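Each reported figure results from applying straightforward, stated rules to the coordinates on display, with no laboratory input. Keep in mind the model is a prediction, meaning the values are calculated, not measured. Cβ atoms come from the backbone with ideal geometry, glycine included; neighbour counts cover every protein chain shown.
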Amino acid sequence: MVDGPTPRSARGVYGISVASELSGIAQQTLRLYERWGLLTPDRTEGGTRRYSDDDLDRVRRISELVDQGVNLAGVGQILDLEHRNTQLDADNTKLRSDNARLREARSSTDTVRTPTRRRRN
């Protein structure tokens, strides 16, 4: 499968200090989220973390869940389920579109066919 260009929102452009300032989350907390597997910022060849706008959105979502009293293990499960739900919604939309296209194609071929009668011998 060939992937297209990386969307701008997914490109890691912010260092950890800028990401911390933009998100309002301490640098050490960002590192903790990464250790827990909740966040996976890009890395430069030298190993420096680079956070994207998508990463910052994820940090905000993590923060919302933590503020609601969800522990980090629960946050991981919720984020995974939300991601799966998004994928399933996209798959469902594609299947509905494919189904509509197939119904239309079938309808077109049905109108082209003319019933023929077999002769009885």
*Label-to-label distance, nm, for residues given as A105 and I78 (7 Å Cα→Cβ offset)*: 4.3
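Under a Cβ-Cβ cut-off of 13 Å, what is the net charge of the residues other than D80 that fall near it, where Lys and Arg count +1 and Asp and Glu count -1? Could you put the intermediate results ahead of the total?
Numbers: positive: R58, R61, R84; negative: E82.
Charge balance in the 13 Å sphere: +2.
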_region 1-43 residues near the modelled V70 label - backbone nitrogen below 17 Å, point 7 Å along Cα→Cβ_ = 33-34, 36-40
*Which one of Q28, L56, T93 is farthest out on the positive end of the charge dipole of region 10-111, using unit charges on Cβ (Lys, Arg +1; Asp, Glu -1) and the Cα centre as origin?*
T93
*Among [x] 51, 18, 11; [y] 26, 22, 11; [z] 23, 16, 13, the entry that matches semi-axes √(5λ) of the Cα gyration tensor in Å as calculated here*: [x]
*What's the center-to-center distance, using Cα atoms, between region 4-21 and region 40-101 in Å?*
15
